[in-house]
Amino acid sequence: MDFKYSDVLDSGTYRDDGLANGIPFRIHKDPYSEIAGSLRAQKDWNSTVSPVYDYQGGLGEPYSFIRATIPECIPERLEIISYANEYAFLYDDEMENLDLKNFKEGRDDMLHVFRDDALNEKVHGTVRPEKKLQAQILAEMMAIDRARAITTMKAWAQFVELASRTRSQPFETLDEYLPSRAIDAGELFWYGMLTFAMALTIPANELDLCMKLARPGYAAISLTNDLYSWRKEREDADKAGQDYVFNAVWVVMQERKCTESTAIKICQEEIKRHLSEFEENIESPNTKTLSRDAQAYLHAVRLSHVGNLVWSIYCPRYHRGAYVPTTLQRKADELIPFSDKRLALPTQFGNVASRFFDTIFKFFISPFHQVFHTSGRRLLIQRLRGLVTKS
């Protein structure tokens, strides 16, 4: 994989808690486009959908989410990728107010934002404001890369449709939990993000093998998110009066009748095990026969793991006091000028409600209980192949 847009950081300058498996941490050279995209999404949501109060998304210091997880994003695509991800976070915040456990067909118009005309970048004035922003995202992406924008938006729409129906009961074992969390959802969504951001095209005849090879990488990403979001998710579940948590730590505690500290150690070992398997897959003879783009995709998933890991350790979502320095704040003000201070970047005194990666996995991934196992995985792969061939 060629590196054009990112720098590798000295391993002594950041924490990885021993869970990077030797994978180097790279970060995109451009900090400003991500800030511009994120703040523009917040501004548009604030003026179009609803006020944004005490909100923090993927931005943070020293590492922001997109720059860390897609370090080789093509520069011209970095802002819209950041905008789309921030929109997904804001959309999920609103979705969390819905009663997803008692889903009824057609119950809430929010669920139709990504349905039916998800590929229509021109909408009439009476549609929901969230739909207008979704159409705007599609139009901006299509202006850059029509084919990959269609693939990405179809994948996004499929996520919303499936995830909205499956928040029900917890898993009883880690073996049951991981396939739904890491494969049935994360694989498909991140496939769309990575392929658009890096202008990759996976040939349809390589898709099954590519997804199979990437599977342990997504398992490691999911477990890492669960590990660092555990305490926040546990607190949220307690406040909501919920007797279970959609998190691998909780699943392990129930399955093995062990303490929290033991469950955390087990999750750490599982991360290492899946990463080792993923590394073997990347170096396997089968991988060497894949196209250049397919191999680049696998390496991009590898970089996404360590980026997610380091971001999770430092992000405002999990740590008070994380902030964006004033130099970046000033540059952001130049890029996206507005006066509403509710849309400020994370500061030393700001609320720590940044939940971007938690959003991607909690809304798009963790709800996939019980329904989508072997047959579900086959169905999603078939649909993804259709996206590739039709676009």
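Can you give the charge dipole size of the stretch 255-305 about its Cα centre, rounded to the nearest 20 debye, using +1 on the beta carbon of Lys and Arg and -1 on the beta carbon of Asp and Glu? List each step's numbers first, then the result.
Values: 8 positive and 9 negative charges, 8 e Å.
Magnitude of the dipole: close to 40 debye.
My understanding is that a pair violates if its Cα-Cα distance is over 23 Å; which of LYS131/LYS154; LYS212/LYS288; LYS232/LYS257; LYS4/LYS154; LYS154/LYS232; LYS239/LYS265 do that in this structure?
Values: LYS131/LYS154 15 Å; LYS212/LYS288 14 Å; LYS232/LYS257 21 Å; LYS4/LYS154 29 Å; LYS154/LYS232 31 Å; LYS239/LYS265 26 Å.
Checking Cα-Cα distances, LYS4/LYS154; LYS154/LYS232; LYS239/LYS265 exceed 23 Å.
In the stretch 234-311, a dipole from Cβ-located charges (positive for Lys and Arg, negative for Asp and Glu) runs towards its positive end, and of VAL306, HIS274, LEU290 it is LEU290 whose Cα lies farthest in that direction.
None of the figures in this text is laboratory data; all of them are computed from the coordinates on show. The shown structure was predicted, so the numbers you read here are calculated from the model rather than taken from an experiment. A quick note on method: Cβ atoms are made from the backbone with ideal geometry, for glycine too, and the neighbour counts reach across all protein chains shown.
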